[in-house]
Amino acid sequence: MKIERKSINTPSAPKALGPYSQAIVTAGLIFTSGQIPLNPKTGNIVEGDFKQRVIQVLKNINAVLEAGGTELSSILKLTVFLTDLSRFSTVNEVFSDEFKGIEPPARSVVEVAGLPMDADIEIECVAAV
């Protein structure tokens, strides 16, 4: 059975670092590839504190979601990868601000040994379109 799907690639989010799409839309859902805290204009990891990097990742995800016809409020599930689980409370703080006034999505948080470009956070999501 062939599944209809559409690839999403937008210059408003960082360019894919390999042979993959920023997201795929199928069956009323959008599946994003993991986003790290890259500034899409410079291609560099955002400097500063960890909170600013979490915010940048969510900005990148939102840009991909918007290009796919949806937004942060439509996220059903987030998977967060951290290189240091002690930063979990900062992630919670940013998510509390970003998802204020809506039901927060389901979420998993996993500590990993490393991420692309030595990032300290990566997030992927599934959202309704």
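Residues being touching a Cys at 6+ places or on another chain (Cβ under 7 Å) and either of a type in the set (S, T, N, Q) or assigned to a helix (DSSP H, G or I) (or both): count how many of those fall in segment 66-78. So the answer is 0.
Annotation note: of A63, A13, the sole residue that is without any contact (Cβ under 8 Å) to a residue 60 or more places away in the chain and outside any helix (DSSP H, G or I) is A13. Of note, F81 satisfies the criterion of being farther than 14 Å from F31 by Cα and either touching a residue at least 40 places away in the same chain (Cβ under 8 Å) or not in a helix (DSSP H, G or I) (or both). Restricting E66, E98, E111 to those that are out of contact with any Ser or Thr (no Cβ under 9 Å at 6 or more places or on another chain) and at negative phi reduces the list to E98.
For segment 84-103, a residue qualifies if it is hydroxyl-bearing (S, T, Y) and without any contact (Cβ under 8 Å) to a residue 40 or more places away in the chain, and the qualifying residues are S86, S89, S96. Checked against (1) within 21 Å of T83 (Cβ to Cβ); (2) in a loop (DSSP other than H, G, I, E, B), R53 passes all but condition (2). For segment 58-84, filtered to residues that are crowded, with 18+ Cβ neighbours inside 10 Å and over 11 Å from the mean Cα position of the chain (by Cα), the residue that is nearest to G114 (Cα to Cα) is L82. Restricted to segment 16-42, and to residues there that are hydrophobic (A, V, I, L, M, F, W, C) and either without any contact (Cβ under 8 Å) to a residue 40 or more places away in the chain or farther than 13 Å from A127 by Cβ (or both), the residue that is surrounded by the fewest Cβ atoms within 10 Å (Cβ to Cβ) is A27. For residues that are in a loop (DSSP other than H, G, I, E, B) and within 26 Å of S89 (Cα to Cα), scanning just segment 16-39, find the one that is nearest to the chain's Cα centre (by Cα). So, considering only residues that are in a loop (DSSP other than H, G, I, E, B) and within 26 Å of S89 (Cα to Cα), the one nearest to the chain's Cα centre (by Cα) is G34. Among residues that are within 14 Å of the chain's Cα centre (by Cα), assigned to a helix (DSSP H, G or I), surrounded by 17 or more Cβ atoms within 10 Å (Cβ to Cβ) and not acidic (D, E), F95 is included. When the residues of segment 1-10 are filtered to those that are without any contact (Cβ under 8 Å) to a residue 40 or more places away in the chain and part of a loop (DSSP other than H, G, I, E, B), the one that is nearest to L72 (Cα to Cα) is R5.
Each reported figure results from applying straightforward, stated rules to the coordinates on display, with no laboratory input. No experiment lies behind these values; they were computed from the predicted model shown. Note that we place each Cβ from the backbone using ideal geometry, even for glycine, and neighbour counts take in every protein chain shown.
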